[in-house]
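Trainee: Provided herewith is a single structure, encoded as C-alpha cells, for subsequent inquiry.
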Amino acid sequence: MKILVTGGAGFIGNHLVRMLLREGADQVVVLDALTYAGSLSNLSDCMEDSRCVFVHADVTDGHRVTDLLKTYAFDVVYHLAAETHVDRSIASGRDFVHTNVVGTFTLLEAIRTERPSARMVHVSTDEVYGALAVGDLPFTEHSPLRPSSPYAASKAAADMLVHAHVTTYGLDVVVTRCCNNYGPMQYPEKFIPLMVKQALAGQPLPVYGDGQQRREWIHVTDHCKALIAVAGKGKTGDVYNIGTGHEEVNIDVVERIVQLTQASPSLITMVQDRPAHDVRYALDTGKLRSTCGWTPVVEFNAGLADCVTWFVENNERTRVVH
Ligand SMILES: NC(=O)c1ccc[n+]([C@@H]2O[C@H](COP(=O)([O-])OP(=O)(O)OC[C@H]3O[C@@H](n4cnc5c(N)ncnc54)[C@H](O)[C@@H]3O)[C@@H](O)[C@H]2O)c1
C-alpha cells in the first residue's frame, strides 16, 4: 500500500507515519511545509527506513501536490497538515484559512484530477461542534457545526469542502473528528506540554479563567490506530468521532502535572480567559467502535505519567517558537 501523509512532521503525523511503517506499508510519503510546528527530528527514526520519503512542500501549492500524486499512485491519503493552535488563530486567523481551507481544497482537487481512486482520510477535530454544556449528551456525528474559534471554523469549512467533493465528484473521503490528543513530541504551546515545561522551569503555569473547562483526552497512539481503522473500514462520505469518553477538568490535569513533576503548587496561576473559550467537549464514539472495531487502550493517568516522563527526558529538545 502506498500512502501519503500531509503534516507528517507534526505531532500526530509523526506517530501515524511510524505506525504505518510498522504495520507494513510499502511506501509512506510525508508532505510537510515544516512550519514552526513541524520538525524533521520528529521523523528521524522513520527516515532511516527506505520506505519513508520526505517532501518539503506546502499543501496549498497545487503544482507540487499534483506532481506528487502523479509520481506516486497513492492508495490512501491521510490529511493532517494544518495550522492547529487556537490561541494563534485568535491572534490572526489568516494562515488558518489559507492552510486549513485552501490547503484542503488544493488536496481534494489534486486527488480529483490525478488519483480519484485514492481513499482520503480527512483529519478534522471535535472543536467544529463548538461548546457543550456540562450535563449535555456528547456530540454525535449528526450534531450541528458551531465552531467558536477561527481555528475551529477553518476546520469546519474544510469538512464542508470534503462533503461537497464526495457528493459532487464521488471522491472516496472519510472524515474523523477527534478529541484532545496528548503524548510525546507534542509542540509545547499545547496545554499538557506547556504545563510540563513551565513546571520543569519553575515558571508560572497559566490556567485560563477558572480552570473548570472540561476536555476529553486521548493518547496520540490511540488516535492513530483509529485513523488506520477508519481508513480501512470507514464508509465513503461518513464522519467518525474519535474519543475515549475520558473527560478531565483542566485544573485537575494541571494539579496532576504539578505532582508528577514535583513542582510547587504555588506556580499555578489563573489568567484571563481566552475569548469564546468552549467550556466542554465530549464525543459519542459508538459509531467508530461498532463499525470499525476500534477501542482505545491507553488509560489517561498512565499515559499522562509516561508523557510527562518523555518531556522531562527531552526537555532541551522541545522549544517554543513565538
Ligand atoms: N492535536 C490535537 O489534539 C488534535 C485533535 C483533533 C484533530 N487534530 C487535527 O490533527 C491534525 C494534526 O494535528 P497536530 O496536533 O499534529 O498538529 P501540529 O501543529 O503538531 O502539526 C501540523 C503539521 O502540519 C504542517 N503544516 C502546517 N501548515 C502546512 C502547510 N501549509 N503545508 C504543509 N504542511 C503544513 C506543520 O509543519 C506540522 O508538521 C490537524 O489537522 C488537527 O486539526 C488535532
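Just so you know, all these numbers are worked out from the coordinates, no wet-lab data involved. None of these values were measured; they are calculated from a predicted model. We place every Cβ from the backbone using ideal geometry, glycine too, and count neighbours over all the protein chains shown.
Trainee: Neighbouring Cβ atoms within 10 Å as the yardstick, rank His122, His246, His63, His277 fewest first.
Mentor: On the way: His122 25, His246 18, His63 10, His277 15.
The most exposed by this proxy come first: His63, His277, His246, His122.
Trainee: Have a look at Leu108, Val59, Asn42 and report the one farthest towards the positive end of the charge dipole of the range 4-118, computed about the Cα centre with Cβ charges (Lys/Arg +1, Asp/Glu -1).
Mentor: Going by the charge dipole, the pick is Leu108.
Trainee: Follow-up. Describe numerically, in nm with one decimal, the distance between label points set 7 Å from Cα along Cα→Cβ at Glu299 and at Ser266.
Mentor: Each label point is offset 7 Å from its Cα along the Cβ direction, giving 3.5 nm.
Trainee: Hey, another quick one. With springs only between Cα atoms under 10 Å apart, run a GNM on the chain and tell me which of Ile218, Ile12, Ile251 wobbles the most.
Mentor: Per the Cα network of the chain with a 10 Å cutoff, Ile251 tops the list.
Trainee: To continue, here is another question. With the crude spin-label approximation of a point 7 Å out along Cα→Cβ, what separation in nm comes out for Met47 versus Thr167?
Mentor: About 4.3 nm, to one decimal.
Trainee: Additional query: Enumerate the calculated ³J(HN,Hα) couplings along the range 79-85 in order (Karplus 6.51 cos²θ - 1.76 cosθ + 1.60, θ = phi - 60°), each rounded to whole Hz, writing x wherever the residue is Gly or Pro.
Mentor: 9, 10, 4, 6, 7, 10, 9
Trainee: Search the structure for amide H atoms under 5 Å from the amide H of Met120, placed 1.01 Å from N in the peptide plane, and list their residues when 5 or more places away or on another chain.
Mentor: Val77, Asp172, Val173, Val174
Trainee: To continue, here is another question. How large are Rg and Dmax for the range 228-274 when only the alpha carbon atoms are used, in Å?
Mentor: 18.4, 51
Trainee: Summing -39500 (n - 2.57) over the DSSP H runs of n ≥ 4 in the chain and dividing by its residue number, what mean residue ellipticity at 222 nm do you reach, to the nearest 500 deg cm²/dmol?
Mentor: It comes out at -11500 deg cm²/dmol, rounded to the nearest 500.
Trainee: What does the charge dipole of the chain about its Cα centre add up to, to the nearest 20 debye, if the Cβ of each Lys and Arg holds +1 and the Cβ of each Asp and Glu holds -1?
Mentor: Numbers: 28 positive and 37 negative charges, 81 e Å.
Using only the charged Cβ atoms, the result is roughly 380 debye.
Trainee: Continuing with this model, one more query. Looking at the chain, how many pairs of lysines come closer than 22 Å at the Cα, when each pair is eight or more places apart or spans two chains?
Mentor: So the count works out to 14.
Trainee: Spelling out what I want: for every residue of the range 276-293, take phi, set θ = phi - 60°, compute 6.51 cos²θ - 1.76 cosθ + 1.60 (Karplus), and round to whole Hz; glycine and proline get x.
Mentor: Listing the rounded values in order: 6, 6, 5, 6, 7, 10, 7, 10, 8, 10, x, 5, 4, 5, 7, 9, 10, x Hz.
Trainee: How high is the relative contact order of the chain? Use alpha-carbon pairs under 8 Å, at least six apart in sequence, and give a whole percent.
Mentor: So the answer I get is 18 percent.
Trainee: Would you order Trp217, Trp310 from fewest to most other beta-carbon atoms within 10 Å of each residue's own beta-carbon?
Mentor: Sorted ascending by nearby Cβ count, the order is Trp310, Trp217.
Trainee: Same structure, new question: Amide H to amide H under 5 Å from Ile268: which residues, 5+ apart in sequence or cross-chain, H placed 1.01 Å off N in plane?
Mentor: Placed amide hydrogens put Leu205 under 5 Å from Ile268.
Trainee: Still on this model: Rank the residues Leu283, Leu194 as a footprinting-exposure proxy: fewest other Cβ atoms within 10 Å of their Cβ go first.
Mentor: Fewest to most other Cβ atoms nearby, the residues stand as Leu194, Leu283.
Trainee: Residues in the range 256-296, backbone N under 19 Å from the label point at Ala131 (7 Å along the Cα-to-beta-carbon vector): list them, ranges by number please.
Mentor: So the set is 270-283.
Trainee: Report the label-to-label distance for Thr140 and Asp67 in nanometres (one decimal), using points 7 Å from each Cα along the Cα→Cβ vector.
Mentor: Label at Thr140, label at Asp67, 4.7 nm between them.
Trainee: Compute a Gaussian network model of the chain, connecting alpha carbons closer than 10 Å, and tell me which residue from Thr236, Thr168, Thr106 fluctuates the most.
Mentor: In the Gaussian network model the winner is Thr168.
Trainee: Mind listing the phi-derived Karplus ³J(HN,Hα) values for the range 126-133, rounded to whole Hz, using 6.51, -1.76 and 1.60 with θ = phi - 60°, and x for any glycine or proline?
Mentor: Rounded to whole hertz, the list is 5, 5, 5, 7, x, 8, 10, 7.
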